[in-house]
Amino acid sequence: MATGIVVRKNQYYDSVFLMGVNKRLSQMRGVTQTAVLMGTEKNKQLLVDIGIRGDQVATVQASDLIVAVIAETKQVVDEVLGNLDQALLAVEGDAPRSGLRTFEDALAAAPSANLALFTIPGEYVYREARTALEAGLNVFIFSSNVPVEEELKLKELASERHLLVMGPDCGTSILGGVGIGFANAVRQGRIAAIGPSGTGLQEFTTLVHHAGYGISHALGTGSHDLSDRIGGITTYAALEALEQDPQTDVVAIIAKPPGANTLRGLGERLSTYSKPVVTCFLGVRSAEAASHGTRRVARTIDDAARLAVECFMGAESDAPTGLSDQELQHVADVRQRWSAAQKYLRGVFAGGTFCYQAQQIMQERGLRIHSNVPLDLGLGLENPNTSVGHTVLDMGDDAYTLGRPHPMIDPTMRKQRITLEGQDPEVAVLLVDFILGQNASGDPVGDLVDPIQRARETAQARDGELTVVASICGTEADYQDLSLQRRLLEDAGVIVFPSSTRAALFCAQLLEPG
Amino acid sequence: MDIKQRIQAANEEAVRRLTLGDPLLVDIAPAADVMPGMQGKWITHSGPPIEWERMCGAQQGAIIGQVMYEGWADRPEEVRALLDAGEIRLEPNHHHGAVGPMAGTISPSSPVWVVENRAFGNRAVCRQVEGRQQFGEFSEGALEGLRLWRDVWAPTLREALRRRGGLELSPIIVQALQMGDELHNRHSASSSLFANAMAVAICEAAIPTERALPTLRYLVGHNLLFLGLAMACGKAIADPAANIEASTIVTAMARNGIEFGIRVSGLGDEWFTAPAPAVDGLYLPGYAAADAGLDMGDSAITETVGWGAFTLGGAPGILTLVGGTPDEALTHSRDMRKITTAQHPIYRMPALAFAGTSVGIDIRKVVQTNIAPIIDTAIAHKDPGYPIIGAGLLRAPMECFKQALIAFGHRYNA
Amino acid sequence: MQEEVHRVFQDPLVVISVGVRTFAESLEHQGVEVIQVDWIPPAAGDQAMIDLLQDLL
């Protein structure tokens with residue numbers, strides 16, 4: 001036990017400030033007790049009470065500072081007293097919180113605001129979003145589980161005021177080059193996109209970018225917008241706005257199946273649209289092979305990007321569609337390496353749209369594809385945790401994400417599923433998507449490369465080979481380093497494609513009988 | 001008129017009364033003379049009603065001290081026997097027009113500050129503020145402080161005050177708020193201003209040196225002196241705003257170390273209570289959080305009228321309680337805006353660009369925003385026999401406001 | 001009259017973010033002015049209180 005005292009003559013400090021200093025000193029390692037006080041009579045008595053006395057204390061004046069330390073060793077005492085000046089400096093707090101607790105507070109603080117971004121639980125969105133619309137702001141609602149009646153009321157109000165409701169359950173938009181939510185860094189240009197699916201928009205924008213062109217705006221509409229209940233209110237508003245926008249020459253719509261009435265109405269609207277429109281309604285089976293005037297029909301996201309560029313260029317593209325000869329040859333090589341038991345495909349997707357697209361592409365080739373989000377309602381999964389035959393999974397579905405972040409951010413559920421599928425000796429092909437861009441995981445490939453490798457080793461040990469096929473949605477400007485992500489996959493023996501369309505085409509080819 | 005309109009009108013009236021409050025120190029008198037309705041052996045205490053057996057250690061210690069000071073018993077064991085036998089009447093200060101800091105004990109011979117609210121003619125009293133007996137210490141030294149107040153300081157001040165004809169307190173409060181006081185735990189400026197005024201009054205009353213000098217020394221050496229006056233002012237200002245039909249404005253916040261209680265204007269005298277919170281604090285040497293009692297005292301009457309921690313933004317000297325930063329203190333003051341109804345026209349806070357203090361705590365807003373009133377307070381030991389051990393910050397329990405809101409709903413919106 | 005939507009196409013974005021900070025941060029990285037609201041549900045999500053306040057506030 002050791003004691004030490006320091007007296008600073010004529011150094012006045014506020015008593016409450018000194019209490020804070022005392023707290024900090026007393027928390028240092030090896031310290032038994034500290035006292036940091038002005039030398040008043042009362043305080044000197046306090047020191048005596050805790051066992052600190054002596055001439056030094058007795059002669060102290062009320063305007064002097066006393067610092068006393070009782071510690072385990074002399075070393076500790078010296079260290080504490082040696083750091084006294086540091087301890088007497090005021091402590092800076094953390095960066096101040098905004099102090100704005102309500103949307104109304106923020107409006108008052110920022111009267112020039114033009115967009116409200118909501119990531120609060122769905123049950124509270126209506127009231128806040130309504131306030132935003134009434135104040136003249138456009139609205140981006142990332143939140144899901146907003147009751148559909150409330151979504152309808154919000155969109156009707158927005159319609160009256162010529163404002164946009166992007167959402168609910170909207171993950172992506174790009175406004176004038178600014179990405180909101182999950183978005184890739186793409187070149188600005190004159191092609192626009194509208195859609196209820198974030199990942200659909202993301203892939204479309206990256207493909208346009210890779211083709212050498214750019215995006216004016218990409219407008220998320222929220223996942224229910226094209227249902228008959230909502231009737232496409234935001235889609236229509238977006239179409240109208242883009243028709244008037246001087247920066248936009250071509251518009252593409254990328255969506256999963258709209259409601260029947262909505263689809264019909266949309267077709268009529270598009271027949272009088274003054275700019276070229278490309279539509280891609282995944283899973284829509286109706287025979288719409290021919291384009292009508294300004295409207296071109298794409299069957300896949302790749303197609304949509306190609307057609308949009310063609311509309312913009314006013315000329316047909318010479319970019320190849322479908323798989324190359326080399327890729328087709330690769331199919332034969334790969335099949336040879338499977339064991340006799342291996343025959344099934346398992347798709348483990350973060351992007352829901354890619355899951356739909358994969359089903360469409362494969363079903364068109366006569367394959368029966370099960371899914372937790374089935375295009376063909378007869379091919380749903382009884383148990384979302386048990387794959388059957390060929391199965392593709394949207395891992396962003398509620399069945400897997402309750403209480404967890406989306407698979408674009410958190411790899412846990414996909415890791416588990418990949419491991420599970422890898423243990424099934426009948427699995428021949430594993431199909432995975434990787435999505436880069438802002439707000440996505442910092443290392444999407446790194447997150448999954450271990451379970452992928454182990455799954456491949458398991459197949460090898462059974463004298464077979466697990467074919468892993470992947471697509472990466474991203475650009476060289478995204479922060480995750482696209483070429484590194486690609487290389488990591490290739491080093492792990494994964495066959496990498498630049499789009500989910502091509503990855504699905506390749507898998508379809510792999511599985512085709514004969 | 002629907003219920004929302006009724007509440008709005010009622011709250012406007014409550015706030016009107018709060019902002020008209022005009023406190024004048026009129027007397028310093030023995031409690032028995034100015035707290036009618038109490039006879040025989042009685043002690044009033046801080047906080048909502050509570051029986052002797054349930055009281056916390058510090059409040060029991062203070063009561064023991066108060067009994068010995070009155071001379072009803074000489075030793076703690078005798079005191080306990082009296083109390084266990086129910087021979088001493090114990091009631092809340094608030095039920096008798098009074099407030100008291102920490103244990104807040106007032107007995108018949110305690111000289112109390114008497115403040116009159118000239119706008120409405122009502123009066124409120126508060127006991128002296130000191131650092132020992134009100135924290136539960138009942139040693140000779142602690143009781144000596146009570147005796148000196150009774151025998152020397154209070155009578156001297158009373159004589160000087162009467163000679164002067166009373167002392168207006170609003171000007172002191174206005175100035176003190178602009179000098180870095182928050183009128184709960186930081187009273188350096190207000191106490192100085194008060195001491196200045198009373199020093200002159202003592203001289204003018206030609207009080208002999210043998211009483212004047214110790215009294216002046218007492219005034220000059222006590223930098224929390226004005227807290228007793230601020231508390232009496234708070235109650236005198238708040239009381240006229242009580243009992244307004246359909247008003248959701250809080251008229252009292254008080255704690256006894258076991259329970260925290262609030263009263264709401266439209267709900268009359270009913271207390272809405274919850275367990276007293278722990279104080280997040282800093283400690284004097286030799287003490288730590290494990291020694292601390294829970295929140296205690298009627299001093300939250302200062303926050304009730306918009307002073308105290310509500311003005312922390314303007315009291316940088318004490319914002320370092322619990323490592324607070326200037327930005328946090330300003331945030332607290334801004335947050336309190338969100339749970340109150342209006343700004344005071346006279347009491348202003350320089351640190352918030354001279355905005356008026358926040359007046360009229362509305363239980364609806366407290367629940368809606370989930371922002372509970374913030375309070376800064378001294379800390380007593382959990383056991384009897386100790387002086388002050390620290391100071392810190394706490395939040396009034398949300399439970400009190402929710403209960404009050406439910407009761408309000410039953411009464412006015414069934 | 002499409003001016004309102006066009007404003008968001010042409011004027012610099014000024015965004016009020018209500019909820020988690022991550023989306024706000026990615027906007028700030030792109031040089032967008034963002035005002036963050038430290039939002040909590042009304043009455044901290046206490047449904048009984050929300051119902052009461054519906055009538056009283």
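The values are calculated or read from the model by the stated rules, or taken from the named source; none is laboratory data. This is a predicted model, so every value here is computed, not measured. Here the Cβ positions follow ideal geometry from the backbone for every residue, glycine too, while neighbour counts run over all protein chains shown. Each accessible area value is taken on the protein alone, full model and side chains, heavy atoms only, with ligands, DNA and RNA left out. Shrake-Rupley method; radii C 1.70, N 1.55, O 1.52, S 1.80 Å.
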Those residues of the range B:306-319 that are farther than 16 Å from B:D335 by Cβ and open to solvent by less than 10 Å² (accessible area, probe 1.4 Å) come to a total of 1
Hits in the range A:348-367 (condition: modelled with pLDDT under 95, touching a strand residue (DSSP E or B) at 6+ places or on another chain (Cβ under 9 Å) and either more than 19 Å from A:F281 (Cβ to Cβ) or surrounded by fewer than 17 Cβ atoms within 10 Å (Cβ to Cβ) (or both)): A:L367
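For the range B:252-342, which strands (runs of 3 or more DSSP E) that fit wholly inside it have 3 or more residues that are within 12 Å of chain A (Cβ to nearest Cβ)?
Details: elements: B:259-264, B:272-275, B:280-283.
Result: B:280-283.
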So, in the range A:442-478, exactly how many residues are under 24 Å from the mean Cα position of the chain (by Cα) and of a type in the set (D, E, K, R)? 5
Based on this model, can you work out whether A:D481 counts as within 20 Å of the chain's Cα centre (by Cα) and of a type outside the set (A, V, I, L, M, F, W, C)? yes
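Taking the range B:366-414, which residues are among the basic types (K, R) and either touching a Ser or Thr at 6+ places or on another chain (Cβ under 6 Å) or touching a residue at least 60 places away in the same chain (Cβ under 8 Å) (or both)? Spell out how you get there, then give the answer.
Initially, the range B:366-414 is screened for residues among the basic types (K, R), giving B:382, B:395, B:402, B:411.
Listed by number, the residues that qualify are B:K382, B:R395, B:R411.
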Those residues that are buried (at least 22 other Cβ atoms within 10 Å of the Cβ) and facing chain C (nearest Cβ under 7 Å), I need them from the range A:114-136; list them, please. A:L115, A:A116, A:L117, A:F118, A:E128
B:I50 is checked against (1) free of Cβ contacts under 8 Å to residues at least 12 places away in the same chain; (2) farther than 29 Å from B:R162 by Cβ and fails just one. What number does that condition carry? (1)
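Within the range B:83-97, can one find any residue that is within 30 Å of B:R17 (Cβ to Cβ), in contact (Cβ under 8 Å) with a residue 12 or more places away in the chain and part of a strand (DSSP E or B)?
yes
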Say we look at the range C:26-56 and pick out the residues that are more than 14 Å from the chain's Cα centre (by Cα) and within 30 Å of A:Q188 (Cβ to Cβ); which of these is farthest from the other protein chains (Cβ to nearest Cβ)? C:E28
Are any residues in the range A:16-56 more than 9 Å from chain B (Cβ to nearest Cβ), among the polar types (S, T, N, Q) and not in a loop (DSSP other than H, G, I, E, B), and if so, which ones? A:T32, A:Q45, A:Q56
Residue by residue through the range A:484-509, note down the ones that are within 19 Å of A:T205 (Cβ to Cβ), of a type in the set (S, T, N, Q) and open to solvent by 10 Å² or more (accessible area, probe 1.4 Å). none
When you go through (1) over 30 Å from A:D481 (Cα atoms); (2) in contact (Cβ under 8 Å) with a residue 24 or more places away in the chain; (3) part of a helix (DSSP H, G or I) one by one for A:R127, which number turns out not to apply? (2)
Take C:V20 and decide whether it is open to solvent by 20 Å² or more (accessible area, probe 1.4 Å), more than 7 Å from chain A (Cβ to nearest Cβ) and of a type in the set (V, I, T). no
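Kindly state which helices (runs of 4 or more DSSP H) lie completely within the range A:146-248 and contain at least 3 residues that are more than 10 Å from every other protein chain (Cβ to nearest Cβ) and charged (D, E, K, R). Spell out the reasoning first.
Numbers: elements: A:148-160, A:198-210, A:233-244.
Once the helices (runs of 4 or more DSSP H) in the range A:146-248 are filtered for at least 3 residues that are more than 10 Å from every other protein chain (Cβ to nearest Cβ) and charged (D, E, K, R), what remains is A:148-160.
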Show the residue pairs that are 6+ apart or on different chains and have beta-carbon atoms under 8 Å apart, the first residue being within the range B:211-226 and of a type in the set (G, A, S), the second being in a helix (DSSP H, G or I). B:A212/B:T156; B:A212/B:I202; B:A212/B:C203
